[in-house]
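Worksheet: the structure to be examined is printed underneath.
The values are calculated or read from the model by the stated rules, or taken from the named source; none is laboratory data. Here the structure is a predicted model, which is why all the values come from computation and not from measurement. Here the Cβ positions follow ideal geometry from the backbone for every residue, glycine too, while neighbour counts run over all protein chains shown. When the accessible area is computed, the model is the full protein with side chains, heavy atoms only, and any ligands, DNA or RNA have been set aside. Shrake-Rupley method; radii C 1.70, N 1.55, O 1.52, S 1.80 Å.
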Amino acid sequence: MTAAGVETGGLSAEELQQIREALAAGRKPRVQFTEAAGQIAGQIGQVVGLDDPAVSDEWVVVKFGRDELPFSPSDLRVAPKGPAPKKVAPVVVEPPEPVLSGPAFLIDKPLPVKPPVQRTKKTSEDSVAVTDGKGGNEVAAPRKAARPARAKASPGLTVTLAYGDGEWTVAANQGAKALARPYVIRPAEALKMVSLIDVPGVQEAVEQIVAAERAEAEQQAQRLRAELAEVEARLAELGEAG
């Protein structure tokens, strides 16, 4: 046994045969890591499988925590019965604080007391007079720094596109000041202005209004053509009669 209570010897051929039979019976034998396993020496794991020893020296598959890793038989031993012994951490004893020898340092003279600073009434809105307590000249305290003035925000700009009585109009205001009074624009210009604004539903509404105006204009043109044809026919009849 080592100082940590873990044997350095690995699994023997007989113990490996017992582990193989236990696995065949559906059990997972418990093993303990030896000093050859490194930092995990003394920890307990479960054998979950045996690989081919001819392929690799590490052919005993052990489940340790959430991992299943292969180990050499020399890294393992049959786990002792009962809970695994816990490693006792060495107790570190801190050295006592040094005690200073010699006579204690004492102050046998009182410390000088500074005269209190006296404040007088304000001499102005932004300065204060202060005396030194000995009747000396008054010293003006520094003035407070003035706050920077906030920049005045410019009034907002509003551009209005409106439709009414069969006409499109545009107006522009900056705050309460009218920059451009409502003036009439063509439907094509109104549709072009709305296309620059990516607002769902607005462009569709303008297109419907323009389409309705176009249909009405076509109907009016057809009526005018029919009336013109009637007038021309009447004029031709009058020409023949003359």
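Here are a few things to note about the model shown:
- Whole-Hz ³J(HN,Hα) from phi, Karplus 6.51 cos²θ - 1.76 cosθ + 1.60, for the stretch 205-218, glycine and proline x: 5, 5, 4, 5, 5, 5, 5, 5, 5, 5, 5, 5, 5, 5
- Using 0.36 nm per residue and subtracting the Cα-Cα separation, the extra length available between residue 176 and residue 24 on full extension is 45.4 nm.
- Euclidean distance between Cα centres, the stretch 152-205 to the stretch 7-54, Å: 85 Å
- The length gained on full extension between residue 233 and residue 55, counted as 0.36 nm times the residue separation minus their Cα-Cα distance, comes to 52.9 nm.
- Among 51, 165, the sequence by solvent-accessible area, most first, with a 1.4 Å probe is 165, 51.
- With the simple model of a label 7 Å out from the Cα in the direction of the Cβ, residue 157 to residue 169 spans 2.2 nm.
- In this label model, residue 224 and residue 195 are separated by 2.6 nm, measuring between points 7 Å along each Cα→Cβ vector.
- In the full protein context, the stretch 186-242 carries 84 Å² of accessible surface per residue, based on a 1.4 Å probe and ignoring ligands, DNA and RNA.
- For the stretch 4-66, the set of trypsin sites (Lys or Arg not before Pro) satisfying both a DSSP loop assignment and a count of at most 11 other C-beta atoms within 10 Å is given as 66.
- Under-5 Å amide H pairs with residue 185, H placed in peptide plane, nonlocal only: 168, 169, 170
- Heavy-atom surface analysis with a 1.4 Å probe gives the stretch 4-58 a carbon and sulfur content of 43 percent of its accessible area.
- Apportionment of accessible area to carbon and sulfur, the stretch 172-240, percent (1.4 Å): 56 percent
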